[in-house]
Amino acid sequence: MSFQDVKPLLKVEELSHYYGQQLGCRDINFELYPGEVLAIVGESGSGKSTLLNCLSTQINPTMGKAYYRFADGRVENLYEMSEADQRTLLRTDWGFVHQHPRDGLRMGVSAGANVGERLMALGHRHYDNLRSTAIDWLSRVEIDADRVDDAPRTFSGGMQQRLQIARNLVTNPRLVFMDEPTGGLDVSVQARLLDLIRKLVSDLGLSIIIVTHDLAVARLLSHRIMVMKGGEVIEQGLTDQVLDDPHQAYTQLLVSSILQVGT
Amino acid sequence: MSLAEISTEQDAYNFAYLDEQTKRMIRRAILKGIAIPGYQVPFAAREMPMPYGWGTGGVQVTASILGPDDTLKVIDQGSDDTTNAVAIRNFFAVTSGVEMTMKTSEASVIQTRHRIPEEELTEDQTLIYQVPIPEPLRFLEPRETETRKMHALSEYGLMHVKLYEDIATHGHIATTYAYPVMVEGRYVMDPSPTPKFDNPKMHKNRALQLFGAGREKRIYALPPFTDVVSLDFEDHPFQIQEWPDTCCAMCGAKDVYFDEVILDNEGSRMFVCSDSDYCETRQADGHYGEMHAEYKERIQ
């Protein structure tokens, strides 16, 4: 397969969303290729979370289309699929990592049940297999196997976030949405989590759309970057290119406002 | 000579308490429930002259299907003579005047709080359950909008999360009542707080089974001969409780559901059938348990 034959996993055309009169995001166009990590950066209220929610079909956009290529090669507009299909997609072929682990986890049930939930939804009915799969995934996200029966509320913030990732990846999704996954974590835990995500991306060939306001996270993880302001994409390109040579005044401001420690 | 014959005054109550329009509304909900086994049909539950939790849902269903020719039996945890059963039986004795019975085989309508009679039911009978919380997914998913969607799309992975959690915590499925069932391979249903011992009796039962939840305003139904399968795991199959060494102290029955009765301050105790009619029928047929003689002597 030559480079030209690689077809985009997701193709977004003229996507706009309004909350009544209020602009959420406008005229978004981009393509995402398999194995690619796309960062969406911007300040609060720039429309990045709206865009993420539209892409993950949690809200139906006012206008526009998003074509998704399924594993079997079939391409469908996400917004014309039935709700049943959308929900199936979201819990099998996709993952969604929330900023707050409590939004993405079931805090009342054990870590093992959290990891196994998607599999049980797919019809897995063998307890021992479910449990060993859960233990396997916990070790892949660096959580001790003996924590498998503990409830997530006994976990630290970083562990909860890693558990959330494990819970999403257990069905081998092809596309994962992440909303500020390193948001509430301290710097050293953040660094380990980013390392882990990078490793998983390269091991599993995941595509990721990650929303962040932290340019360092974008720099470390993403191949491409989209800068949003006021609901629109004002600049996009290869991450290194955009961050090293920002064209838009706003992007320049963002890049220059990164806190430099030391020299 | 009855009151109706000597008086020209109208009865104080409409037959079986509820007005005819309300009964009609409830019957429509029941018919819809029967048409879609296991599906929770919303209905405009009325306020009843008893508190929520005392079976207002079951009472409304019973009141709606009861006719003058019916024979009613009311049980509470299998027994005809416990508080809830007595209260509801008196209520219908006053408001409908239908014939009351304690014999399972003679009843055409049986309202129950939780237990299913040990004696096998027939095509001519209707079993009505009082249901406190009709939504099996409720404690895992608090949003009603979401649980309705999950039922609509048959997304029941969550139900197994609960059973998984049971095994992870206790080593076995520790849910012993309100054990979730799959109805006709489509809807997951909460069989009210029925002990799981009775779950197999729901499967392909000859009687019509109706479920009424008054506070939550839901009615659901199992038509006769409906598939009712208790959820489980391949390596942890559904099992009912067994008490191989226990038999009823009064009638000697085995393989039934028991009540434990404390006898004195020394902690001595006996086990008797939870289904009082079943126990008495067996005693009348000459089956006696080890404490039967002593008991008869004491009540002399």
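Could you work out the helix-only [θ] at 222 nm for chain A, with each DSSP H run of four or more residues adding -39,500 (n - 2.57) and the total divided by the number of residues, to the nearest 500 deg cm²/dmol?
Details: 10 runs with 99 residues, N = 263.
Mean residue ellipticity, 222 nm, calculated: -11000 deg cm²/dmol.
Relative to the longest principal axis of chain A, what angle (0 to 90°, nearest 10) does the C-alpha long axis of helix A:111-121 take?
Helix A:111-121 sits roughly 80 degrees off the main axis of chain A.
Using the charge dipole of the protein assembly as shown (Lys, Arg: +1 at Cβ; Asp, Glu: -1 at Cβ; taken about the Cα centre), state which of A:Leu169, A:Met81, B:Pro117 has its Cα farthest towards the positive end.
A:Met81
Could you work out the per residue convex hull volume over the alpha carbons of the protein assembly as shown, in cubic angstrom? Walk me through the intermediate numbers first.
Values: hull volume 119.8 nm³, N = 563.
So the per-residue Cα hull volume is 213 Å³.
Please give the total accessible area that chains B and A bury against each other, computed with a 1.4 Å probe and expressed in Å² to the nearest 100. Provide the component values of the computation, followed by the final result.
On the way: alone 15550 and 13100 Å², together 26810 Å².
By this definition, chains B and A bury close to 1800 Å².
Along the three principal axes, how long is chain B when you take its alpha carbons, biggest first, rounded to the nearest angstrom?
If we take the Cα atoms of chain B, the spans are 64, 53, 35 Å.
Per residue, how large is the accessible surface of the stretch A:103-172? Use a 1.4 angstrom probe and give square angstrom.
On the way: 2610 Å² over 70 residues.
Averaged over the residues of the stretch A:103-172, the accessible area is 37 Å².
Karplus couplings for the stretch B:76-93 from phi (6.51 cos²θ - 1.76 cosθ + 1.60, θ = phi - 60°), rounded to Hz, Gly and Pro as x?
10, 6, x, 9, 7, 10, 8, 3, 4, 5, 5, 4, 6, 5, 4, 4, 6, 5
From the C-alpha coordinates alone, can you work out the Kirkwood hydrodynamic radius of chain A, in Å? Mind dumping the intermediate values first?
Numbers: mean 1/r = 0.0521 Å⁻¹.
Result for chain A, one decimal place: 19.2 Å.
Treating only the Cβ atoms of Lys and Arg (+1) and Asp and Glu (-1) as charged, compute the dipole magnitude of the stretch A:113-263 about its Cα centre; round to the nearest 20 debye.
Details: 15 positive and 19 negative charges, 73 e Å.
Roughly 360 debye, rounded to the nearest 20.
Roughly how many Å² of B:Glu47 are accessible to a 1.4 Å probe, to the nearest 10?
150
Write down the percent of antiparallel bridges among all DSSP beta bridges whose residues are both part of chain A, to the nearest 5. Don't skip to the answer; put the middle values down first.
Working: 21 of 40 bridges.
Restricted to chain A, the bridges split so that about 50 percent are antiparallel.
Run the dipole for the stretch A:103-172 about the Cα centre, Lys and Arg Cβ at +1, Asp and Glu Cβ at -1, nothing else charged, and hand back the magnitude in debye, nearest 20.
On the way: 9 positive and 9 negative charges, 44 e Å.
Here the size comes out at about 220 debye.
Order the following by accessible area, largest value first: A:Asp149, A:Asp245, B:Asp255, A:Asp72. Probe radius 1.4 Å; ligands, DNA and RNA are ignored. Show your work: numbers first, answer last.
Details: A:Asp149 60, A:Asp245 90, B:Asp255 135, A:Asp72 110 Å².
Of A:Asp149, A:Asp245, B:Asp255, A:Asp72, the descending order of accessible area is B:Asp255, A:Asp72, A:Asp245, A:Asp149.
Please give the per residue volume of the convex hull enclosing the alpha carbon atoms of the stretch A:103-172, rounded to a whole number of Å³. Before the final figure, lay out the partial values.
Details: hull volume 5.4 nm³, N = 70.
Taking the convex hull of the Cα positions in the stretch A:103-172, it is 78 Å³ per residue.
Over the heavy atoms of A:Tyr19, what accessible area does a 1.4 Å probe trace out, to the nearest 10 Å²?
Answer for A:Tyr19: close to 110 Å² accessible.
Go through B:Gly214, B:Met250, B:Gly97 and say which Cα lies farthest out towards the positive end of the charge dipole of chain B; charges sit on Cβ, +1 for Lys and Arg, -1 for Asp and Glu.
Positive-end residue among those listed: B:Gly214.
May I ask which residue of B:Tyr278, B:Asn84, B:Gln130 lies farthest towards the positive end of the charge dipole of the protein assembly as shown, with charges of +1 (Lys, Arg) and -1 (Asp, Glu) on Cβ and the Cα centre as origin?
Projecting each Cα onto the dipole axis, the largest value belongs to B:Gln130.
Can you compute the helix-only [θ] at 222 nm over chain B? Use -39500 (n - 2.57) per DSSP H run of at least 4 residues, normalise by all residues, nearest 500 deg cm²/dmol.
On the way: 9 runs with 87 residues, N = 300.
One gets -8500 deg cm²/dmol as the mean residue ellipticity at 222 nm.
Go through the stretch B:269-275 residue by residue and turn each phi into a ³J(HN,Hα) via Karplus (6.51, -1.76, 1.60, θ = phi - 60°); whole Hz please, and just put x for glycine and proline.
Values per residue, Gly and Pro as x: 8, 9, 10, 10, 4, 6, 8 Hz.
Per residue of A:74-84, how many C-beta atoms from partner chains lie within 10 Å of its own C-beta, taken as a mean? Before the final figure, lay out each step's value.
Details: counts 0, 0, 0, 0, 0, 0, 0, 0, 1, 3, 5.
That average works out to 1.
Give the percent of DSSP beta bridges with both residues in the protein assembly as shown that are antiparallel, rounded to the nearest 5.
Details: 43 of 78 bridges.
Antiparallel: roughly 55 percent of the beta bridges in the protein assembly as shown.
Would you tell me the mean number of C-beta atoms belonging to other protein chains that fall within 10 Å of each C-beta in A:124-132, as a whole number? Don't skip to the end; give the middle numbers.
Numbers: counts 4, 8, 4, 12, 5, 3, 7, 4, 0.
Mean shielding by partner chains, rounded to a whole number: 5.
How big is the convex hull of the Cα atoms of the stretch A:42-154, per residue, in Å³? Working shown, then result.
Details: hull volume 17.3 nm³, N = 113.
Convex hull volume per residue, Cα atoms: 153 Å³.
Can you give me the long-range amide H partners of A:Val97? Hydrogens built in the peptide plane at 1.01 Å from N, cutoff under 5 Å, separation of 5 or more residues or another chain.
Result for A:Val97 returns A:Phe177, A:Met178, A:Asp179.
What percent does the relative contact order of chain A come to when contacts are Cα pairs within less than 8 Å and at least six residues apart? Before the final figure, lay out the partial values.
Working: 456 pairs, mean separation 66.5, N = 263.
Answer for chain A is 25 percent.
Need one number: % antiparallel among DSSP beta bridges in chain B, to the nearest 5. Write down the numbers at each step before the final one.
Working: 22 of 38 bridges.
Antiparallel bridges make up about 60 percent of those DSSP assigns within chain B.
Any chance you could look up the accessible area of B:Ile299 with a 1.4 Å probe, heavy atoms only, rounded to 10 Å²?
100
The values are calculated or read from the model by the stated rules, or taken from the named source; none is laboratory data. Fair warning: this is a prediction, and the values are worked out from it, not measured in the lab. Every residue, glycine as well, gets a Cβ built from its backbone with ideal geometry; the counts of neighbours run over all protein chains shown. Please note that ligands, DNA and RNA were not included when accessible areas were found on the heavy atoms of the full protein model with its side chains. Shrake-Rupley method; radii C 1.70, N 1.55, O 1.52, S 1.80 Å.
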